[in-house]
Amino acid sequence: MAAVDDLQFEEFGDVATSLAANPDATTINIEGPGETLKRLGPPRGSGREEDDELLGNDDSDKTELLAGQKKSSPFWTFEYYQTFFDVDTYQVFDRIKGSLLPIPGKNFVRLYIRSNPDLYGPFWICATLVFAIAISGNLSNFLIHLGEKTYHYVPEFRKVSIAATIIYAYAWLVPFALWGFLLWRNSKVMNIVSYSFLEIVCVYGYSLFIYIPTAILWIIPQKAVRWILVMMALGISGSVLAMTFWPAVREDNRRVALATIVTIVLLHTLLSVGCLAYFFDAPEVDHPPTTAVVPNQTIVAAKSS
């Protein structure tokens, strides 16, 4: 029969110390199956690296869901619309930088917008662009006719209202039409990428920022310089739109996808070229030539006999 001292419990110290004292001792690791899986982690090389680079990672989707949970106020309340302007200066500058320096193969929405789409940046970008086009158009007209004695400068305030109508109509109506078209195509063809109306408005708003410095430089009274500037601005902003909306239509019919991207770029081209032609390259007004007043003279003709 075992002695009483042999049946007493004994506390052991650190496992490493015990193994150092008795290397032949046997140890048992009691660990749940879930702990082993946590240590191993998810398998790598799943073949989704290309899609992750193009569309972003799962963190942006989680942030989007959390952001969607915050927007739970009724639409008639001030808190509902306040969320659309809940953005800091760093985010606005980062999105502006992304619209000026598009990265090939990267999605603008996934990289900059999806975590928190806003209307603050697009609203003020459009407002600044309106005044930049109107003021620069007036200054351009003044510089063209500078030095003409018969020219009298009159500020054209109507250009502000015309520019505001064109810019805001483009920044809202075109995204609305594109959003409806994408919804209709998604009901027929399941696409991997889908955008909300707010995200599309945000993309179009930030893509117009490049035209603010371009409109200021349009004051230069050289048509060649103006057309070079408009082509550069069109190339930068058009590439942002094309690379953003191509993933949303690439799973569709090839002709439909290409026609959608071409239409987006053509409408953007029409906006830039139309603003340049109307506000800066307007035909000059022909001033009627001044007639010199000649005093009446009596001409006496001698009749020959």
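The values are calculated or read from the model by the stated rules, or taken from the named source; none is laboratory data. Note that the coordinates shown come from a computational prediction; the quantities given were computed from them, not determined experimentally. In this analysis, Cβ positions are derived from the backbone assuming ideal geometry, glycine residues included, and neighbour counts consider all displayed protein chains. Accessible surface is based on the protein model in full, side chains and every heavy atom, while ligands, DNA and RNA are left aside. Shrake-Rupley method; radii C 1.70, N 1.55, O 1.52, S 1.80 Å.
Points worth noting:
- Any hit, the stretch 176-192, residues being β-branched (Val, Ile, Thr), buried (at least 18 other Cβ atoms within 10 Å of the Cβ) and under 30 Å from GLU251 (Cα atoms): no
- Matching option when the condition is polar (S, T, N, Q) and not in a helix (DSSP H, G or I), among SER272, SER187, SER194: SER194
- Selection status of TYR90, without any contact (Cβ under 8 Å) to a residue 24 or more places away in the chain, open to solvent by 70 Å² or more (accessible area, probe 1.4 Å) and more than 11 Å from the chain's Cα centre (by Cα): yes
- Check on ILE135, aliphatic (A, V, I, L, M), assigned to a helix (DSSP H, G or I) and over 24 Å from the mean Cα position of the chain (by Cα): yes
- Here is the figure for the stretch 157-175: residues that are open to solvent by less than 60 Å² (accessible area, probe 1.4 Å) and not charged (D, E, K, R) total 11.
- From the list LEU229, LEU241, the lone residue that is within 22 Å of GLY121 (Cα to Cα), modelled with pLDDT of 90 or more and either out of contact with any Phe, Trp or Tyr (no Cβ under 9 Å at 6 or more places or on another chain) or in a helix (DSSP H, G or I) (or both) is LEU241.
- Subset of the stretch 114-127 [surrounded by 16 or more Cβ atoms within 10 Å (Cβ to Cβ) and of a type outside the set (Phe, Trp, Tyr)]: ARG114, SER115, ASN116, PRO117, ASP118, LEU119, GLY121, PRO122, ILE125, CYS126
- Test: residue in the stretch 226-233 that is in contact (Cβ under 8 Å) with a residue 60 or more places away in the chain and buried (at least 16 other Cβ atoms within 10 Å of the Cβ): no
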